[in-house]
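One structure is given below, encoded as structure tokens.
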């Protein structure tokens, strides 16, 4: 017998794993080492799946990254029919590098389809948008909302015909409709308010409106902290409040200033000058400048607020909107024939005021701003700013402090932890 030891025979793995030393350079060679199972070695392994990224962070200086990946993967794949897979991996056009070295994608993954997935899901579930209108009776609040959405969405009731006079509002009331356009469904809720400021004594006349807004926040919060909450919480929070200013041509009333000052921190307020066709163009411009100055002097923040501008592009766009506000608008749901076209307008003795004509009023600017460019942002500001402010104010309340035995307990407080990042306090007032 000879003392020669036979060479070690390594068993061929059933499912070969990726070589652990692929990409690790030898101290004396700029190329990756070839261990067993690489190139023409004893065990020729199959190429790794095209979706598995290959580490690229340990190549020597001056060695091309793409060539190193192709060299390592190509040798691990061996020669023959599997060489094509390694070749395609080394010359893939879909490459991605993270800031920490990252990985190179060896093929198309499909990350860019997330936008289409979100679109399909949103198309199925639809949108919610809740709008409130506040102002004196007779300023055309309901008519303007109907004009905005080109349908009778405000004050629709049984037996109300198109030509009938809209009855006067006597209480806060919300009406919901589902509007569909281009396959997109939106549940629109219009909250009409009582004849704001029509009473002789208007002290605290904004309280019912403020109470309604906070009740919707509380309603959403109760659903959010519920242990068995719904998959999709119904959103009844007011996303936008259009405040109608009377076209006096002089200045804001004290009631206008007080209302917007008190509610500007709990809802998105958009001031508009109603029935702008009652003023000349010069009177309208002077009135707008005077209103803007008074709002600024009173410290009233209307939407879009300057501190919420995310970048310079948003700031530039929103600055143009802020300079044009308050919008001087005219509302009408009646059509007339003008130059062979059917247009919405108001017929007067000297002609027809076209609602969507920018030379006649600023309704088109309000519509584009409210629906076509800032609708989603209105919802986000409501949720991220005003709703969170409401929750923060709740946590600061001292209703959770135990009452002495001699003092009757007026309120109870139950604290729940939502699935978000902060504790939510729910307050329930006992009658």
Open item on the list: Restricting to region 339-374, give me the number of residues that are closer than 20 Å to residue 184 by Cβ and buried (at least 17 other Cβ atoms within 10 Å of the Cβ).
Closed with: 4
Task: Matching entry among 200, 233 (being assigned to a loop (DSSP other than H, G, I, E, B), touching a residue at least 12 places away in the same chain (Cβ under 8 Å), at negative phi and surrounded by fewer than 20 Cβ atoms within 10 Å (Cβ to Cβ)) - done: 233
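This table checks each residue for (1) out of contact with any helix residue (DSSP H, G or I) (no Cβ under 6 Å at 6 or more places or on another chain); (2) surrounded by 11 or more Cβ atoms within 10 Å (Cβ to Cβ); (3) farther than 21 Å from residue 261 by Cα; (4) modelled with pLDDT of 95 or more.
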| site | (1), (2), (3), (4) |
| --- | --- |
| 299 | yes, no, no, no |
| 307 | yes, no, no, no |
| 313 | yes, no, yes, no |
| 317 | yes, yes, yes, no |
| 327 | no, yes, no, yes |
- [ ] Confirm whether residue 282 is over 17 Å from residue 205 (Cα atoms) and either in contact (Cβ under 8 Å) with a residue 60 or more places away in the chain or surrounded by fewer than 22 Cβ atoms within 10 Å (Cβ to Cβ) (or both).
- [x] yes
Task: Hits in region 253-283 - residues which are closer than 29 Å to residue 129 by Cβ, assigned to a helix (DSSP H, G or I) and more than 23 Å from the chain's Cα centre (by Cα) - done: 255, 256, 257, 258, 259, 260, 261, 262, 276, 277
TODO: Report, ordered by the first and then the second residue, all pairs with beta carbons closer than 8 Å, sequence separation of six or more or different chains, a first member in region 112-137 that is at positive phi and at pLDDT 90 or above, and a second member that is part of a helix (DSSP H, G or I) and surrounded by fewer than 10 Cβ atoms within 10 Å (Cβ to Cβ).
DONE: none
TODO: Go through region 356-378 and give me each residue that's in contact with a strand residue (DSSP E or B) (Cβ under 9 Å, 6 or more places away or on another chain), closer than 13 Å to residue 144 by Cα and part of a helix (DSSP H, G or I).
DONE: 363, 366, 370
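The values are calculated or read from the model by the stated rules, or taken from the named source; none is laboratory data. Just so we're clear, the structure is a prediction, and the values are computed from it rather than from any experiment. So basically every Cβ, Gly included, is an ideal-geometry build from the backbone, and we count neighbours across all protein chains shown.
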